[in-house]
1. Condition first: part of a loop (DSSP other than H, G, I, E, B), buried (at least 20 other Cβ atoms within 10 Å of the Cβ) and in contact (Cβ under 8 Å) with a residue 60 or more places away in the chain. Now tell me which residues in region 66-92 satisfy that.
2. Are there any pairs with C-beta distances below 7 angstrom linking a residue in region 568-594 that is closer than 23 Å to Glu26 by Cβ to a residue that is among the basic types (Lys, Arg) and away from the ligand (no atom under 12 Å from the Cβ), with the two at least 6 apart or on different chains, and if so which?
3. Among the residues of region 81-92, is there at least one that is in contact with a His (Cβ under 9 Å, 6 or more places away or on another chain) and within 27 Å of Val182 (Cβ to Cβ)?
4. Determine whether Leu432 is within 16 Å of Asn569 (Cβ to Cβ), surrounded by fewer than 24 Cβ atoms within 10 Å (Cβ to Cβ) and in contact (Cβ under 8 Å) with a residue 24 or more places away in the chain.
5. Taking interchain pairs and intrachain pairs at least six residues apart, which have beta carbon atoms under 7 angstrom, with the first residue in region 1-16 and within 12 Å of His70 (Cβ to Cβ) and touching a residue at least 60 places away in the same chain (Cβ under 8 Å) and the second hydroxyl-bearing (Ser, Thr, Tyr) and part of a strand (DSSP E or B)?
6. Could you go through region 242-252 and let me know if any residue there is more than 17 Å from Pro398 (Cβ to Cβ) and either assigned to a strand (DSSP E or B) or among the aromatic types (Phe, Trp, Tyr) (or both).
7. Just for strands (runs of 3 or more DSSP E) wholly inside region 491-601: which have at least 2 residues that are of a type in the set (Val, Ile, Thr)?
8. Can you tell me which of (1) closer than 24 Å to Glu134 by Cα; (2) assigned to a loop (DSSP other than H, G, I, E, B) is the one Val45 doesn't meet?
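The values are calculated or read from the model by the stated rules, or taken from the named source; none is laboratory data. None of the values given here were measured: they were computed from a predicted structure. Please note: Cβ atoms are built from the backbone with ideal geometry, for glycine as well, and neighbour counts cover all protein chains shown.
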Amino acid sequence: MCGIFGYIGERNDAGKVVVEGLKNLEYRGYDSWGVAWKSNGIVSVRKDVGKISDVRSEDFSDICSLAIAHTRWATHGGVTKINAHPHTSCDQTVAVIHNGIVENYEELRRELTAKGHRFVSQTDTEIIPHLIEEELKTTKDFAAAVRATCLRIRGRFAIVAIHTHSAMLVAARNGSPLIVGVKRGGGEVSAPGRIEGYFIASDIPAFLDQTRIVQYLDDGEMLVSDGKSILFSDIQTGEERPKREIEIQWTQQQAEKGDFEHYMMKEIMEQKESVARAVNQDDAQIMTLAKAIREAQGTFLVGCGTASKACLAAEYFFSVIADKHVNVAPASEFKLYHHFLKPESLIVVVSQSGETADVLEAMRVAKSAGSKVIAIVNNEGSTIAREADYALRINAGPERAVASTKALTGQLAVLLLIAYALAGKLREGKTLLLETSSAINDMLNPRYIERLKALADKIQTKRDIFIIGKSWNYPMALESAIKIQEVSYIHAEGFAGGELKHGPIALIEEGTPCIALIGKDEVEQDSLSNAIELKARGGFIIGISPDRYDAFDEWIRVPDATAAQAIVNIIPIQVLAYFLAVARGKNPDMPRNLAKSVTVK
Ligand code: M6R
């Protein structure tokens, strides 16, 4: 939901720095872009609709050491040049970039209009520079004006502001992520060198090529920097908040596309190793989590989108492997579960980004009931990881494509491992997952990929695709639908195999692609019967399974992974969805209307 990037420091090409960094945040929004920079005591702004990746950083050649940039995912106001960030005050001296929603913007806009402010955009954001301008009538202190402004706006926000008459970059956060990258001469936290500058961004990949030393701004905090030092404080009280410098493990190479045309395919292929990385957990920690689940009076698994499908699969893992019932809820619905929560309840939140607004809210609902929260996350240092009582990382490395792929299989692997631990069979679970990882390595060979590409070419003109599965393949059928919908825009729906005959089967026509996800398990024959029912209505049956059956018009072979079948069955679907998008001329990395990290409710 919008990418924010700011730089202040020794470099005199700040405009170029922020444009280049912003390109690494394009997955957060790609409706429009904008840059503001300060040179010769003047704040200049350039913005436009379109993608930041199409902008030449060399075109920002003014000599300056302070600049901010933004890539937008529209919420208030259409996708127009005027609505793109940065937004400025009436006198053009204040420029602001913003991620979030100003909930009371109508009321503030009326108030400011009555005071003579003129608005040019339809955005809620434009309120902010005008409020700062208004505050600057009573103080000369830019940071104080930003602080006072933050106290007037309601809703989630991350803002970065600059001002003609101030040498400072000021940023504040309440609910939307902001991370500081610290550029030091020496580089290492252990041997800190002289400060060369600061990067302020919504996510780490923006500055990963510059530094791996970070400081996290928490909710309700702001920062002020002159490029040589930085001061964190509480927005409300002004009290100073000391911060640690943390060295993160991700590398720039992990965050780059390399030889792949799209991040989505790069990340699909990374599953050759990422599942094994997810399994590489400390046994004692996994046992502690398993114990917490065993002892909790009610465990709830909560996530959004793809992560919520991992939670649903885990419901089957826990039940089949550990004979343990857990509850599953989409995070956006979890608030309504507060009646069931007590201090003895346990909430396991699953999130790749660790920043999803609905998940954060669910977590806070649980915490306010006194319940314990365990987070399973990919992004180290994310808000969810920091706010949880306990956080477990899936070690997938940066996931940049909007469509989640390697994060899902990492989440499934960790959840499966916990289920095995719960059953007192942690070693067995680890062995299974490591074998599965090596089977994935074999499966993702060039011939296999070509085969899926050919299948995508064959069905890319179809209007609908239906996917069925039973047991843990049911959540994978739901996930398959998300994957196909979001990147190819084909109407896709997933069902529990047995449910089709209760209504949806009426939609099957001659040649309708129907994908059956099957494993060699107790529901294998039932799943096959469901596929045969579809075939009898004219369905074109694509079987994804270890064994071939006559009912299949196309068979995509997957290894027999027993309890880890969900992990291997979803991978060919990810590849198929990718090629469906490409065949239809869509960019799978930038699906319309979507953003990687959904930090608004
Ligand atoms: O970062 P999170 O795992 O919390 O994100 C949750 C969903 O927004 C995400 O999985 C979304 O559904 C993906 N676009 C699916 O590919």
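1. Matches in region 66-92: Trp73, His85.
2. If the second residue must be among the basic types (Lys, Arg) and away from the ligand (no atom under 12 Å from the Cβ), the pairs left are Phe579/Lys453.
3. Checking region 81-92: at least one residue is in contact with a His (Cβ under 9 Å, 6 or more places away or on another chain) and within 27 Å of Val182 (Cβ to Cβ).
4. Working: within 16 Å of Asn569 (Cβ to Cβ): yes; surrounded by fewer than 24 Cβ atoms within 10 Å (Cβ to Cβ): yes; in contact (Cβ under 8 Å) with a residue 24 or more places away in the chain: yes.
Yes.
5. Here the result reads Cys2/Thr71; Gly3/Thr71, each pair linking region 1-16 to a residue that is hydroxyl-bearing (Ser, Thr, Tyr) and part of a strand (DSSP E or B).
6. no
7. Fully inside region 491-601 and qualifying: 540-545.
8. (2)
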